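Visitor: Pasting in a structure now, in structure tokens, and then I'll have a few things to ask.
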Amino acid sequence: MKEQKRIALVNDISGFGRCSMTVELPLISAMRVQACPLPTAILSCHTGFPTFYIDDYTERMRPYIDNWEENGVVFDGIATGFLGSAAQIDIVLDFIHRFKKPATRVIVDPVMGDNGRLYASYTDEMCERMKGLLAVADIVTPNLTEACRLLDREYPEDGQLDDGALEHMAAELVAQGSKQVVITGLPDGEDLRNFVFEAGRGESIPVKRAGRDRTGTGDAFTAIVSAGLLRGMPLKEAVELAARFIGKAMRYAEEIQLPTNWGLPFEEFLGDLTK
Ligand code: PXL
């Protein structure tokens with residue numbers, strides 16, 4: 001019998017700047033997976049703007065989740081992203097305990113920082129709680145900054161690590177609970193690579209750098225990989241699809257001179273994901 005997969009998305013809704021939920025929803029829908037938002041906060045613009053209005057949703061998350069349970073909603077996947085406080089991480093852990101069935105894939109993108117620095121909102125307590133989230137994850141997708149912090153390691157000054165070192169890090173992350181790890185957006189000379197680790201082995205997948213770093217690329221990456229996995233794609237194939245899609249949107253963003261905090265003009269390329 002044909003069936004459609006369904007994923008819960010735990011992330012914020014930022015009205016302008018194309019990150020988190022507003023990126024995940026269209027990309028996952030384009031990949032024919034049903035996407036169900038569980039908002040963590042509502043922002044006018046994401047935090048990469050000079051000012052933003054933020055409505056923290058922590059207090060409303062529990063009754064929202066209770067109602068999903070009352071209605072018997074079931075998910076094939078749960079993907080977590082930007083979380084605003086330690087209390088919120090506890091709520092997400094409880095949500096996963098209640099909704100994770102044996103076949104549910106839990107994808108944790110530990111959105112904590114970039115370029116060797118944690119986001120201003122990220123406290124030590126949140127870092128410790130995030131480690132608890134790794135323990136219930138099937139797949140984690142940190143960038144190098146996040147992987148280093150989760151393992152209490154120094155960020156390498158130039159951001160460069162060889163595959164041997166990455167394999168050690170990924171194995172240590174797997175020891176914290178997940179089965180698959182992708183360390184994303186690694187600087188590789190002039191270009192980038194993603195490091196995919198599963199079944200005890202790691203592999204670098206090179207990617208051509210396509211312009212300046214911009215907001216929302218990590219969210220697009222996790223969205224495409226999550227939907228790909230739910231649709232039965234091997235992890236490496238899902239990572240390659242994500243990297244190709246993001247590269248195309250990044251090149252177009254440079255062509256139309258889009259400010260980096262306006263995110264990815266992914267709307268132009270949604271058809272690539274529907275194929
Ligand atoms: O793309 C990660 C992200 C998610 N959510 C909010 C953000 C950012 C990055 O700046 O500000 C609110």
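The values are calculated or read from the model by the stated rules, or taken from the named source; none is laboratory data. Only a predicted model underlies this, so the values are computations on that prediction, with no experimental measurement involved. Every residue, glycine among them, receives a Cβ derived from its backbone with ideal geometry; neighbour counts consider all protein chains shown.
Visitor: For I7, work out the one condition from (1) farther than 21 Å from V181 by Cα; (2) away from the ligand (no atom under 16 Å from the Cβ) it doesn't fulfil.
Guide: The single condition I7 does not satisfy is (1).
Visitor: Might you check whether a residue that is out of contact with any strand residue (DSSP E or B) (no Cβ under 9 Å at 6 or more places or on another chain), within 16 Å of the ligand (Cβ to nearest atom), in contact (Cβ under 8 Å) with a residue 24 or more places away in the chain and not in a strand (DSSP E or B) occurs anywhere in segment 226-243?
Guide: no
Visitor: Sticking with this one: Which pairs do you get when a residue that is farther than 16 Å from S20 by Cβ and more than 10 Å from the ligand (Cβ to nearest atom), found in segment 36-65, comes within reach of a residue that is modelled with pLDDT of 95 or more and among the basic types (K, R), reach meaning Cβ atoms under 8 angstrom, with the pair 6+ apart or on two chains?
Guide: I65/R98
Visitor: With the checklist (1) aliphatic (A, V, I, L, M); (2) buried (at least 20 other Cβ atoms within 10 Å of the Cβ); (3) more than 16 Å from the ligand (Cβ to nearest atom) in hand, flag the one item L144 doesn't pass.
Guide: For L144, the exception is condition (3).
Visitor: Being part of a helix (DSSP H, G or I) and of a type in the set (G, A, S) is the requirement here; does A87 meet it?
Guide: In short, yes.
Visitor: I need the full set of residues from segment 148-188 which are free of Cβ contacts under 8 Å to residues at least 12 places away in the same chain and on the phi > 0 side of the Ramachandran plot, in order please.
Guide: D152, the sole residue that qualifies.
Visitor: State yes or no: is L258 buried (at least 17 other Cβ atoms within 10 Å of the Cβ), out of contact with any Asp or Glu (no Cβ under 8 Å at 6 or more places or on another chain) and under 23 Å from I7 (Cβ atoms)?
Guide: So L258 does not fit the description; no.
Visitor: Name the residue that is farthest from I224 (Cα to Cα), counting only residues in segment 1-32 that are surrounded by fewer than 20 Cβ atoms within 10 Å (Cβ to Cβ) and without any contact (Cβ under 8 Å) to a residue 12 or more places away in the chain.
Guide: Checking each candidate, the answer is M1.
Visitor: For segment 37-68, give me each residue that is over 12 Å from F95 (Cβ atoms) and either part of a strand (DSSP E or B) or among the aliphatic types (A, V, I, L, M) (or both).
Guide: P37, P39, A41, I42, L43, S44, C45, I54, D55, D56
Visitor: Next question, about the same structure. Would you point out the residue of segment 95-141, among those that are within 16 Å of the ligand (Cβ to nearest atom) and among the small types (G, A, S), that is surrounded by the fewest Cβ atoms within 10 Å (Cβ to Cβ)?
Guide: A120
Visitor: Determine if segment 244-251 includes at least one residue that is surrounded by fewer than 17 Cβ atoms within 10 Å (Cβ to Cβ) and touching a strand residue (DSSP E or B) at 6+ places or on another chain (Cβ under 8 Å).
Guide: No - not one qualifying residue is present in segment 244-251.
Visitor: Look at I205 and say whether it is free of Cβ contacts under 8 Å to residues at least 40 places away in the same chain, aliphatic (A, V, I, L, M) and either within 16 Å of the ligand (Cβ to nearest atom) or in a strand (DSSP E or B) (or both).
Guide: yes
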